[in-house]
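Each remark here refers to the structure printed beneath this line.
Every number in this text was worked out from the coordinates using simple rules, so none of it is lab data. The structure displayed is predicted, hence computed values, not measured ones. Every residue, glycine among them, receives a Cβ derived from its backbone with ideal geometry; neighbour counts consider all protein chains shown.
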Amino acid sequence: MRRHHLAGPVLAALLSAGACSGTPSDDEVRETLASWSATIRTAGNAWLQHDVPTRFAGDVLSAAGDALQGEEESLTGTEHTMLRGRCAELRALIQPMRDAISRRDDAALRKQLATLALFDARLRSEERARTGP
Amino acid sequence: MKPKQLLEITLGVFTSIGGFLEVGSMMTAAQAGADFGYQLLWAILLGTICLASLIEMSGRFAAVSGHTIADALRERFGLHFFIVPLVAMGVVSILLLAAELGGMCAALQIATAVAIRWWAMPAALLTWLLLWRGTFGMIEKGVSMLGLVTVVFGVAAILLAPDLSGVASGLVPSLPHEKAAHYWFLAVSILGAAIAPAVFYFYSSGGVEEKWDESHVATNRIVAWGGITFGGILSGAVLIVAVLTLQARGITIDHFDQAALMLLDPLHRIGFWGFVASLFIASFSAALEVALAIAYLIAQGLGWNWGEDLKPRDDARFSVSYTVAIFVGAILLVVGLDPLKLTLFTMALTSATLPIAVVPFLVLMNDDAYLGRYTNGYLSNAVVLFTVLVACVLAVVSIPLELAGG
């Protein structure tokens, strides 16, 4: 009987922990977005300078795509529409970058990195507007 | 000092430096730097002091008593008591072994883009093969010496010229400005990575394997403090490099690929391959040590034949122990556990179980039946006990909070 009394709260705590861990806060998603955006930019620039192998740069882009898809799927409800949109926008930049890298097309990758820089600037200005000066 | 003794000390210090970093210390330090700047350097300092104390004690214990920690625990406290640290350390060490195999696989994934789970069995096989065919000296000296490649982090930290006042302020514990649960979770993960009981249990077994006696006490002290101090500095260098390359760009570490970018700024292509080599060799070296530590713990505690220098047929149960441990660790990766999350969680769990492994050992270190005039002083008892209890309390509080916070 006593075991049942203990099992209830323990199970509830574990389930609530699981439930919480499935729904990151908006701040966490913004941080993840900015982090993957910076990761993609750094890996792309390193590939242009021949500092990292092609297969590694491709793998970073795949990992970024998977992580962003996970974030997007975790954002349910209309209040997250804008953040979901940003995740999708960044994800949309990934495939052309992968194509450019697999074709070893430096010029195409530079163009995509310039688009990524614009995306980053927009993220930063939204962050400033949200948190104040 | 005789030339032979000097050579022994030099070899020992280099081995300790090369063997200090492993996937846990690398990734916890990198994540701490990327998330909190220099603010968690104090945890590395505290962990290093505590580990150096424990390593020195375990070497002294082996040299003076001729016992390993595990067999003395069983002798002093009895088999029923010994089962508690055996189970607690056994479970945590298998998770730790899985994390180290995961580190090897992650390095191979970064180098080849072939997914981690495909590398799990080859990595396990390589680890097992070296234990099956190799000798203690080859594993301790040879592989740990290769670990000197991790000095690349020290070189990178120097080239990046960190702000020394920022570094110094990080050595003093301070409260986090945000994400408190994650801050304390990382602090205990750093402590757990530094003070893994498998390491100092392994060290005492090494002392007995190499037939140390009282004449090794002074050498052991220099090797323990010298090697571990330099190793701790390397761990600090990982954190500093992460601050200046990852945090500076807003990169947090959710994936091993992100950590692999940390040496690009100062060292470019060499930095990339230096990271891959460091992660692979450091994890490989630690996987060998942890697998052996598990087998030592079981065999010594249960009174079986043991010895890495014996042929497997002469200590069959010992050899079966590390074989099973390695393949259980590999299976955890094959079924798809995320090695980065596994690493951080295992390091925190190590902190939570520290008192079970360390407190009975401290009792042995104060028992003059084993150590005669070489028992511990008050200061070393106090430093180790304080660190271990703080790490345990913080772990018990922060692990559920980190899980709840995602």
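Here are the numbers:
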item	result
Chain B, relative contact order in percent, only Cα pairs under 8 angstrom and at least six apart counted	37 percent
Cα-based radius of gyration of the protein assembly as shown once divided by 2.2 N^0.38 Å, which approximates compact folds	0.99
Segment B:182-264: trypsin sites (Lys or Arg not before Pro) in DSSP coil with no more than 11 other Cβ atoms inside 10 Å	B:K211
Cβ neighbours within 10 Å from other chains - mean over A:57-70	3
Order of A:E126, A:E73, B:E8 under a 10 Å beta carbon neighbour criterion, fewest first	A:E73, A:E126, B:E8
Gap separating the Cα centres of segment B:196-238 and segment B:242-306, nearest whole Å	19 Å
Percentage relative contact order, segment B:49-132, counting C-alpha pairs under 8 Å, at least six apart	14 percent
Normalised contact order of segment B:176-292, rounded percent, pairs of Cα under 8 Å and 6 or more residues apart	24 percent
Order by protection proxy (mean Cβ within 10 Å, highest first), peptides B:23-31, B:124-132, B:278-286	B:23-31, B:278-286, B:124-132
Gained length - B:K211 relative to B:L171, 0.36 nm times residue gap less alpha-carbon distance	10.6 nm
Taking B:Y322, B:Y183 and counting other C-beta atoms within 10 Å, the order from fewest to most	B:Y183, B:Y322
Added length on full extension, which subtracts the Cα-Cα distance from 0.36 nm per residue, B:V359 to B:D314	12.9 nm
Average other protein chain Cβ within 10 Å of Cβ, residues B:98-111	1
Shielding by partners, peptide A:32-44 (average Cβ within 10 angstrom, other chains)	5
Surrounding net charge for B:I55, when Lys and Arg each add one and Asp and Glu each subtract one, Cβ distance under 14 Å	-1
Overall form of segment B:40-141 per C-alpha gyration tensor (a/c, 1.5; a/b vs b/c)	prolate
Residue order, fewest to most beta carbons within 10 Å, for A:W47, B:W42	B:W42, A:W47
B:N305 paired with B:T112, simple spin-label distance in nm, labels 7 Å along Cα-to-beta-carbon	3.6 nm
Compactness of chain B, expressed as Rg and Dmax over alpha-carbon positions, Å	19.7, 57
CD proxy at 222 nm, helix term only [per DSSP H run n ≥ 4: -39500 (n - 2.57); per residue of chain B; nearest 500]	-26000 deg cm²/dmol
Packing-based ranking, highest mean first, of B:329-341, B:294-306, B:58-70 given that Cβ atoms within 10 Å are counted	B:58-70, B:294-306, B:329-341
Tilt relative to chain B, helix B:378-405 - C-alpha long axis, 0 to 90 degrees, to 10	50 degrees
Local electrostatic count at B:F81 - Lys and Arg +1, Asp and Glu -1, tallied over other residues with Cβ under 14 Å	0
